[in-house]
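*Asks:* This is the structure I have questions about; it appears just below.
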Amino acid sequence: MRNKPELTSNSGKFNLRYIFGMKLRSFRQEKGFGLKQLAALTGLSASYINEIEKGKKYPKAEKIMMLAEGLGVEYDDLVSISMTGRLGQISELFFSSSVLGSFPFQLFGITFENVMELFTASPKKAAALISTLMEISRAYDMNVEQFFLASLRAYQEMHNNYFEEVEELAEKFALEQKWTRLSPPTREELIETLHQLHSVDARVADFSKYPELTDQRFIFLPGKPSQLLLNNQLVPSQHVYSLALQIGYSELKIRKRLRTSPHKQFDSFDQVMDNFRASYFAGALMLNRNQVKEELKEIFQSETWNGDAILELLKHHEVTPETFLHRLSQILPGLFKITELHYFRFEHFVGKNEIRLTKELNMPRTLVPSGVRLKEHHCRRWLPVSLLKILEEEQLKGNPNKILIRTQRAQFVESGDEVLFISIAHALRLRSKMNRCVSLGLRIDNALKRKVKFLNDPQIPVEKVNQTCERCPLDNSQCSERTAPPSVFIQEEKEELMNRTLKKLVTDYRAKNLKI
C-alpha cells in the first residue's frame, strides 16, 4: 500500500495505440499475411510492425497509409477507433467498462501493457475468454461492485491483510494527539480532533424524519466546514468508528470520501481501495496493535477458553464485535504470524430460515461452507450459522440485547481441515429483527497448537461440518440439523458410479479382445 495506484494509464493516446495495434493485427490475419509478408508489401520492418501490433508504438500518418495500402484496406478503417465483432467486445471491456477499464493491475504486479500484449496477441481467443467470464458473472448474479470487492479481497489476501505503513501512520497520529495506547480516544475527543485538525463538525442527529436514511450510521455533508451527522440510534462506541473513519480519510489525503455508511454502491475500484485504506486506519487508531497483542497473548496462554474475557475487551476498547474480530484478522497475521485464517459476517432475519453471508476474507483458501451464489443452505452445524439460531431462541425468551460468544473446533468432512472458530452474535440496532454474527476461523496446525493453549479445553465442542446441506454426505441419522436434501452430493455420486462402471466396461472389453 506504499504506492497508491494511479488509474490514469489507460486513456488518450495510450488507448489509441492498443486499439490501432489490435486492428492492424486483425486485418493482417484476415488477409493471411505473416509479419514478413506485410513488411515486404509496405517497406516497413517486421519488428516495427510487431511493436505497433503490441501497442508499443503508434505510426505517423504516412506509415499508416503504407500499412493501409499493403493490406488493401481504407485508411479511415485502420485509424477509426470503432471496433466491431470480437474486437469490439475487448474495446468495450477495457476502454469503456467501469470494471477492467479502471482496474489497477499494478496492485497485483501486472502492468496494463502486459494485459494488452496478451489480448492483442490473440484477440479472438481473448474475446471468447471475456465472453465466458461475463456469462459466468451473469449466471452467478455478480455485479460490478462485487467484482471490485472480490478484487480487494484478493489484494488483502496477497498481503496477509496486514499493512505496516497504515499501522505506523495511525500510531504516529495517536502519538501526536497524546492518546496513550492504554486509553482509547473517546467520542468527544474524536469530535474535537475532527473539528480542530480537519474542519469537520460532527454531531449526533435524528434521522427519523427521513425513513430512507434511518439505517445509515452516518451522513457526510461536504462544505466549509463539512458536516458529519451521526445516527442517534447508535451508541457512542459505534459513533467512534465513524469518527475515526473520517480522520482516516483526511490523514490519508483521500479527497473523495463516502457520503454514507453503509454505502450502497461503489462506482470504481478507486473508491473501494480508498474506503478500505481509511477503514484500516480507523481500526488501527481504535485498537492499537501492540496493546491488543499483549491482551491476546494473555488469552492464548490460558488453558481454558474464556469468552467473557473477549467481551470485556470489547467494552474496554469501546468497539463492536465486528470491529474487534476484523481487527484481529489484521493483527494475527501481522504480529502472531497466524495467516491461515478466515473472517466471516453473516446476517439472519428473525423468523426466517435464510442466512446470508455478507462479508468474507478467506486467506488460506480452505474449503469452508459456501454456496452463497448457488442459493444453497449453509451447514447448520457450523458455528457462525448455528449461533444465529441460538441467538434467535434467546430473543424469543425475552433477551433482545443478548450478545453471544462461542467457540468451536470444526472438522470439515470433505477437506479434512480442522478450524477453531470464535463467533460473536448480536442484534443490529438500525435494522429491526436482523441479527448479525461475525466469526474468526483459525486453521488448526502444529504452529497454532503451540500459540493457543486453550485449544485442548474439553469444553470446546468438536463438530463435523460440511459446505452446504446440498453437498453433505452425512445421512439423517448422522445429522439432525439438515434443512435441504443432499441433491448435489447424490448427483456427484451418480456421476462417480457411472465413471467407475464405464472404466470397468472398458477394462472388460479390452480383456475380452485380448483373449480372442
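*Asks:* About its Cα centre, what dipole magnitude does the stretch 433-516 give when the only charges are +1 on Lys and Arg Cβ and -1 on Asp and Glu Cβ, stated in debye to the nearest 20?
*Replies:* Value, rounded to 20: 380 debye.
*Asks:* Still on this structure, I have one more. For a Förster distance of 45 Å, can you work out the FRET efficiency between the beta-carbons of ASP457 and GLU188, rounded to the nearest 0.05?
*Replies:* On the way: r = 40 Å, r/R0 = 0.90.
Step by step, r from the Cβ atoms, then E = 0.65.
*Asks:* To continue, here is another question. Checking a compactness column here: for the stretch 376-516, what do you get for Rg(Cα) / (2.2 N^0.38 Å), N being the number of residues? Write out the running numbers ahead of the final one.
*Replies:* Working: Rg = 21.8 Å, N = 141, 2.2 N^0.38 = 14.4 Å.
Against the compact-globule rule of thumb, the ratio is 1.51.
*Asks:* Answer rounded, prolate or oblate for the stretch 268-339, using the Cα gyration tensor with square roots of eigenvalues a ≥ b ≥ c: rounded when a/c is under 1.5, else prolate when a/b is larger than b/c, else oblate. Could the numbers behind the result be given before it?
*Replies:* On the way: a/c = 2.55, a/b = 1.84, b/c = 1.39.
Because a/c hits 1.5 or more and a/b exceeds b/c, the stretch 268-339 counts as prolate.
*Asks:* Going highest first, how would you order 474-482, 36-44 by mean Cβ packing within 10 Å? List each step's numbers first, then the result.
*Replies:* Working: 474-482: 13.0, 36-44: 15.3.
In decreasing order of mean packing, 474-482, 36-44 become 36-44, 474-482.
*Asks:* Let's see if you can work this out: charge +1 on each Lys and Arg Cβ, -1 on each Asp and Glu Cβ, no other charges. What is the dipole magnitude of the stretch 245-287 about its Cα centre, in debye to the nearest 20? If you can, show how the numbers build up before the last one.
*Replies:* Numbers: 7 positive and 4 negative charges, 28 e Å.
Magnitude of the dipole: close to 140 debye.
*Asks:* For a quick protection proxy, order the peptides 456-464, 503-511, 158-166, 342-350 by their average other-Cβ count within 10 Å, most packed first. Display every interim value, and only then the final one.
*Replies:* Working: 456-464: 12.3, 503-511: 9.8, 158-166: 16.9, 342-350: 19.9.
Averaged packing, sorted descending, gives the order 342-350, 158-166, 456-464, 503-511.
*Asks:* Place a point 7 Å from Cα of GLU393 in the direction of its Cβ. Which residues in the stretch 469-495 have their backbone N less than 17 Å from it?
*Replies:* Within reach of a label on GLU393, which here means backbone N under 17 Å from a point 7 Å along Cα→Cβ, the stretch 469-495 contributes 479-483.
*Asks:* Using only the alpha-carbon atoms of the stretch 395-434 as identical scatterers, what base-10 log of I(q)/I(0) does the Debye formula give at q = 0.17 Å⁻¹?
*Replies:* Results for the stretch 395-434 at q = 0.17 Å⁻¹ read -0.62.
*Asks:* For a label point 7 angstrom out from the Cα of GLU176 toward its Cβ, which stretches of the stretch 185-219 have the backbone nitrogen within less than 14 Å?
*Replies:* 193-199
*Asks:* Work out from phi, with θ = phi - 60° and the Karplus expression 6.51 cos²θ - 1.76 cosθ + 1.60, the ³J(HN,Hα) of each residue of the stretch 62-69, listed in order in whole Hz, and give x for Gly and Pro.
*Replies:* 5, 6, 4, 4, 5, 5, 5, 5
*Asks:* Pop a pseudo-label 7 angstrom from the Cα along the beta-carbon direction at both ASN362 and GLN146 and give the gap in nm to one decimal.
*Replies:* Once both label points are built, they end up 1.4 nm from each other.
*Asks:* Under a Cβ-only charge scheme (Lys and Arg +1, Asp and Glu -1), can you give me the dipole magnitude of the stretch 302-441 about the Cα centre, in debye to the nearest 20?
*Replies:* On the way: 21 positive and 16 negative charges, 110 e Å.
So the dipole magnitude of the stretch 302-441 works out to roughly 520 debye.
*Asks:* What is the calculated FRET efficiency for GLU69 to ALA447, with r their C-beta to C-beta distance and R₀ = 56 Å, to the nearest 0.05? Write out the running numbers ahead of the final one.
*Replies:* Working: r = 68 Å, r/R0 = 1.21.
Plugging the Cβ-Cβ distance into 1/(1 + (r/R0)^6) gives 0.25.
*Asks:* Same structure, new question: Name the residue from ASN466, CYS479, GLN395 whose Cα lies farthest towards the positive end of the charge dipole of the stretch 386-516, charges +1 on Cβ of Lys and Arg and -1 on Cβ of Asp and Glu.
*Replies:* ASN466
*Asks:* Sort SER386, SER423, SER208 by accessible area with a 1.4 Å probe, largest first. Don't skip to the answer; put the middle values down first.
*Replies:* Values: SER386 30, SER423 0, SER208 75 Å².
Highest to lowest solvent-accessible surface, that is SER208, SER386, SER423.
*Asks:* Take ASN401 and GLU62, extend 7 Å from each Cα along the Cα→Cβ direction, and tell me the distance between the two endpoints in nm.
*Replies:* In this crude label model, ASN401 to GLU62 measures out at 8.4 nm.
*Asks:* Can you compute the FRET efficiency between ALA511 and SER487 using 1/(1 + (r/R0)^6), with r the Cβ-Cβ distance and R0 = 45 Å? Round to the nearest 0.05.
*Replies:* Working: r = 37 Å, r/R0 = 0.81.
Between ALA511 and SER487 the formula returns 0.75.
The values are calculated or read from the model by the stated rules, or taken from the named source; none is laboratory data. Just so it is clear, the structure is predicted and the values come from calculations on it, not from any experiment. Ideal geometry is used to build each Cβ from the backbone, glycine not excepted, and the neighbour counts take in all protein chains shown. Side chains included, ligands, DNA and RNA excluded: accessible areas come from the protein's heavy atoms. Shrake-Rupley method; radii C 1.70, N 1.55, O 1.52, S 1.80 Å.
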